[in-house]
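Have a look at the structure below, then the notes.
The values are calculated or read from the model by the stated rules, or taken from the named source; none is laboratory data. Everything numeric here is computed off the predicted structure, so don't read it as measured data. Cβ sites come from the backbone with ideal geometry, for glycine too, and all protein chains shown count toward neighbours.
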Amino acid sequence: MAYTATIEEEKKEIARRYKDLIKDSYETLTADDKKLIRKAFDLAADAHKDQRRKTGEPYIFHPIAVAKIVGNDIGLGATSIAAALLHDVVEDTEYTINDIEQLFGEIIARIVNGLTKISHLKKDSIPSIQAENYRKLLLTLNDDIRVILIKIADRLHNMQTMDAMPQHKQVRIASETLYIYAPLAHRLGLYNIKTQLEDLGLKYTEPEVYNDIKNKITQSKEEQDIYIRTFIKELKKLLEKGTDFEYEIIGRPKSIYSIRRKMRNQGVSFDEVYDKFAIRIIYKTKPGEEKVTAWKIYSLITDKFRPNPERLRDWISTPKTTGYEALHTTVMGLKGRWVEIQIRSERMNEIAEKGYAAHFKYKHGDQNESGLENWLNKLKETLENQDTNAIDFVEQFKLNLYAKDIYVFTPNGDIKSLPKGATALDFAFSIHTDIGLTCRGAKVNGKIVPLSYVLKSADQVEIITSKNQKPKSSWLDFVVTASARSKIKNALKEDQKEIANQGKELLMRKLRHIKIPFNEQTVNELVNFFNLKTSLDLFVRFGNGTIENAELKKFAAQRSNSFLNFFKSKIRKKQISPNLNKEETSTNYDMLVFGKGEEKLEYKKAKCCDPIPGDKVFGFITINEGIKIHKYTCPNAVALQANYAYRILPAKWIDSSQQEHKVSLLLKGIDRDGLVGEVSNVIAQNKKVKLYNINIAGDDGYFEGIITVSIQNKKHLNTLINSLKKIEGIDKISRLD
């Protein structure tokens with residue numbers, strides 16, 4: 001619906017939104033706070049007065065909305081609200097950082113500067129502009145975490161108002177959101193915001209899946225609401241037996257994204273996801289009695305409803321590193337249905353809702369130092385290491401974002417949290433850098449184990465050190481924490497630095513001789529050509545003579561014929577006629593075209609997702625292998641869209657050909673005589689499908705098998721699947737990528 005409003009109506013709406021922004025926190029704001037926020041609003045409104053959003057609305061609507069999320073949803077104060085109002089002023093208007101500093105002081109200027117994107121970088125100067133932006137954003141953790149929190153609020157509002165954007169931009173921004181912003185929100189304890197970011201990310205990266213799950217939730221909502229109300233009534237009866245505290249019970253559906261994740265990870269349908277909603281009990285209690293009260297509630301509930309022992313999560317005794325505290329249990333509820341119950345105090349609930357800000361509001365003594373603040377302190381060591389390229393930097397950082405935690409003990413009985421999968425060597429580095437660098441062995445529960453030993457919760461670990469021990473490159477193969485990797489790499493680099501510097505000078509001379517520019521793009525192409533991991537590896541190999549001149553000449557020859565040049569001069573073919581029969585283009589999918597001009601280009605199918613005609617795909621321009629096409633549901637799609645948006649080509653299937661494509665299908669169900677014959681007959685009856693292989697085995701009345709067929713496009717595949725589903729006994733059919 002087109003945006004229409006008069007100037008007077010817009011002024012009234014801007015004033016209304018500003019009042020709504022400060023309404024919830026008005027009583028807690030001082031007079032100086034109110035003056036600061038008003039001053040920031042006035043400047044932002046004036047700076048953006050001639051700007052419009054894609055929807056046609058005044059641009060000032062956006063900073064007001066971001067400031068509201070910052071103040072109300074995250075719980076930050078006046079300084080952050082003012083910075084949120086100003087967050088786009090330097091990037092989009094004539095104001096400079098110096099102007100902001102003179103008007104609002106050094107702190108707000110620093111936050112606004114951190115929020116300003118890198119806009120001057122050229123596309124051919126770095127492998128990924130997006131990754132450089134991520135690096136700059138993440139490095140602000142060293143300076144002021146409010147930058148990250150405001151940026152997450154900014155991204156949330158952009159995701160909420162993205163319908164007016166072109167589809168390819170929606171996919172890129174949504175992919176960035178799932179790749180970096182949702183994990184950040186998770187780690188900072190902003191669970192409500194994380195859930196919204198994940199759902200909106202899925203809405204634009206996999207719209208059909210999103211809408212399908214959303215519709216099914218809507219269809220079953222009335223029945224689920226009745227069930228939740230009935231179950232809550234039963235819980236209240238139980239809690240009224242001897243409780244002397246106030247509480248409230250609320251029911252909520254699981255997010256669309258979490259249901260999708262369960263469906264994918266467990267290989268089940270929507271109907272087979274058993275815990276699509278959760279019950280939350282929020283209680284008031286005296287200070288010091290939170291833990292006792294939580295277990296009292298748990299005891300009252302499980303006296304009647306049988307708990308699943310494998311689904312008990314005690315994050316009260318040992319909070320998550322995000323600061324999250326709660327007691328989770330899953331019980332067999334009414335009508336034989338599993339129900340997740342979350343038990344939280346009011347304090348725990350505010351931390352769960354508002355994350356970082358609430359965590360420090362309630363912090364007392366050293367009790368929470370091992371949580372979120374300790375995690376941030378550890379990250380600073382990783383963030384200080386800026387030698388790696390931007391993509392490696394972001395990937396290392398992401399290692400610690402979604403990692404589940406284990407808890408292990410020192411010889412003295414102190415508890416340490418580490419990500420799941422951490423090794424004895426990771427533990428050594430978590431104690432102290434010097435202990436990690438000189439570590440030569442470890443004892444776990446009194447027994448000597450290798451440094452690569454994967455730790456489990458409740459292990460007690462003792463580290464054995466030696467002054468003569470030095471870090472080895474093989475250590476990088478089994479450490480999982482970004483901090484340990486960073487420290488090992490730094491130690492190894494010290495020994496290699498001189499050789500690498502010599503190798504870099506040598507490479508520059510050799511490239512100059514064969515007239516190839518020395519820049520980051522060339523270095524990355526060389527790293528890929530020689531199957532190395534980093535530019536340091538490349539320079540070291542040139543420094544010690546491992547790479548010879550003949551090999552460099554091979555690279556030069558391939559580069560001159562590289563895809564990027566070939567793309568410009570050789571593979572462009574005549575455009576597909578725009579007068580194609582529209583009905584044919586919707587049903588015949590065998591010809592793939594790229595870009596707005598619908599050009600036919602040479603391409604290869606990516607092995608990671610094995611797309612077939614009819615799948616929703618995009619093209620990715622590789623350095624050495626031309627265009628590769630990936631499905632939008634490919635496991636690598638989000639990372640590619642997020643890191644390399646400028647190398648993404650829109651693609652779609654339009655015309656028909658007689659090409660054939662092999663596809664394997666997994667069949668499951670109840671075994672019976674004659675089943676294999678019926679499967680073969682159904683395939684034989686479909687003239688457009690050829691059978692290559694069939695392998696079905698039964699066991700105690702259950703069968704599972706794989707058939708490999710040749711089809712023309714996705715329409716033919718769907719027709720075959722629908723025919724096979726009609727065979728008695730076949731319960732489930734899924735495509736194997």
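Structure summary
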quantity: Hey, Ile81 of a type in the set (Val, Ile, Thr), closer than 21 Å to Ile22 by Cα, in the same structural domain as Gly114 (by TED's automatic domain parsing) and touching a residue at least 60 places away in the same chain (Cβ under 8 Å) or not; calculated: yes
quantity: Residue that is farthest from the chain's Cα centre (by Cα) [pool: residues in segment 530-540 that are at pLDDT below 85 and in a helix (DSSP H, G or I)]; calculated: Val540
quantity: Which numbered condition Leu665 fails, given (1) out of contact with any Gly (no Cβ under 8 Å at 6 or more places or on another chain); (2) buried (at least 17 other Cβ atoms within 10 Å of the Cβ); (3) not assigned by TED's automatic domain parsing to the domain that holds Asn722; calculated: (3)
quantity: Number of positions in segment 291-307 that are surrounded by fewer than 19 Cβ atoms within 10 Å (Cβ to Cβ) and under 21 Å from Ile351 (Cα atoms); calculated: 3
quantity: Qualifying residue in segment 45-62 (condition: within 25 Å of Val147 (Cβ to Cβ) and more than 34 Å from the chain's Cα centre (by Cα)); calculated: yes
quantity: Residue match in segment 487-499 (condition: surrounded by fewer than 17 Cβ atoms within 10 Å (Cβ to Cβ) and in a loop (DSSP other than H, G, I, E, B)); calculated: no
quantity: Output for segment 155-178, where each listed residue is in contact with a His (Cβ under 9 Å, 6 or more places away or on another chain) and within 21 Å of Leu640 (Cα to Cα); calculated: Asn158
quantity: Condition broken by Lys236, with the remaining ones in (1) at pLDDT below 90; (2) assigned to a helix (DSSP H, G or I); (3) not aliphatic (A, V, I, L, M) satisfied; calculated: (1)
quantity: Filter result for Arg280 (charged (D, E, K, R) and under 20 Å from the mean Cα position of the chain (by Cα)); calculated: no
quantity: Filtered residues of segment 321-338 (kept if within 27 Å of the chain's Cα centre (by Cα), assigned to a strand (DSSP E or B) and either surrounded by 20 or more Cβ atoms within 10 Å (Cβ to Cβ) or of a type in the set (Phe, Trp, Tyr) (or both)); calculated: Leu327, Thr329, Thr330
quantity: Boolean, Asp477 is surrounded by fewer than 16 Cβ atoms within 10 Å (Cβ to Cβ) and of a type in the set (Asp, Glu); calculated: yes
quantity: Strands (runs of 3 or more DSSP E) contained entirely in segment 593-656, each with at least 1 residues that are more than 28 Å from Glu198 (Cα to Cα); calculated: 603-605, 627-631, 648-653
quantity: Conditions (1) outside any loop (DSSP other than H, G, I, E, B); (2) surrounded by 13 or more Cβ atoms within 10 Å (Cβ to Cβ); (3) small (Gly, Ala, Ser); (4) modelled with pLDDT under 85; number of the one not met by Ala697; calculated: (2)
quantity: Matching entry among Lys504, Lys497 (being at pLDDT 85 or above and under 30 Å from Asp477 (Cα atoms)); calculated: Lys504
quantity: Selected residue [under 19 Å from Ile250 (Cα atoms) and either of a type in the set (Lys, Arg) or within 28 Å of the chain's Cα centre (by Cα) (or both)] from Ile301, Ile297, Ile343, Ile316; calculated: Ile343
quantity: Counted residues, segment 212-233 - those being loosely packed, with under 15 Cβ neighbours inside 10 Å and in contact with a helix residue (DSSP H, G or I) (Cβ under 7 Å, 6 or more places away or on another chain); calculated: 1
quantity: Every residue from segment 434-445 that is buried (at least 18 other Cβ atoms within 10 Å of the Cβ) and not in a strand (DSSP E or B); calculated: Gly436, Leu437, Thr438
quantity: Count of segment 242-273 residues which are charged (D, E, K, R) and over 22 Å from the mean Cα position of the chain (by Cα); calculated: 6
quantity: Test result for Glu625, touching a residue at least 24 places away in the same chain (Cβ under 8 Å), surrounded by fewer than 17 Cβ atoms within 10 Å (Cβ to Cβ), acidic (Asp, Glu) and over 30 Å from Leu601 (Cα atoms); calculated: no
quantity: Selected residue (only one of Ile654, Ile623, Ile683 is on the phi < 0 side of the Ramachandran plot, modelled with pLDDT of 80 or more and out of contact with any Cys (no Cβ under 9 Å at 6 or more places or on another chain)); calculated: Ile683
quantity: Checking Val689 against (1) aliphatic (A, V, I, L, M); (2) at pLDDT 85 or above; (3) more than 30 Å from Gly201 (Cβ to Cβ), the condition it does not meet; calculated: (2)
quantity: Tabulated pairs, segment 451-473, first of a type in the set (Lys, Arg), second part of a helix (DSSP H, G or I) and modelled with pLDDT of 90 or more, C-beta under 9 angstrom, 6+ apart or interchain; calculated: Lys470/Leu437
quantity: Matching residues, segment 240-256, being within 17 Å of Arg344 (Cα to Cα) and modelled with pLDDT of 90 or more; calculated: Tyr247, Glu248, Ile249, Ile250
quantity: Some residue of segment 262-277 being surrounded by 15 or more Cβ atoms within 10 Å (Cβ to Cβ), part of a loop (DSSP other than H, G, I, E, B), in contact (Cβ under 8 Å) with a residue 40 or more places away in the chain and of a type in the set (Gly, Ala, Ser); calculated: no
quantity: Residues that are crowded, with 16+ Cβ neighbours inside 10 Å and either touching a residue at least 60 places away in the same chain (Cβ under 8 Å) or within 30 Å of Thr293 (Cα to Cα) (or both), drawn from segment 247-261; calculated: Tyr247, Ile249, Gly251, Pro253, Lys254, Ser255, Tyr257, Ser258
quantity: Boolean, Lys12 is in a loop (DSSP other than H, G, I, E, B) and free of Cβ contacts under 8 Å to residues at least 24 places away in the same chain; calculated: no
quantity: Within segment 657-680, considering residues that are in contact with a Leu (Cβ under 9 Å, 6 or more places away or on another chain) and within 30 Å of Phe594 (Cβ to Cβ), the one modelled with the lowest pLDDT; calculated: His661
quantity: Selection count, segment 168-208, where residues are without any contact (Cβ under 8 Å) to a residue 24 or more places away in the chain and closer than 25 Å to Arg52 by Cα; calculated: 1
quantity: Residue satisfying all of: in segment 705-725; touching an Asp or Glu at 6+ places or on another chain (Cβ under 9 Å) and part of a strand (DSSP E or B); surrounded by the most Cβ atoms within 10 Å (Cβ to Cβ) among these; calculated: Ile711
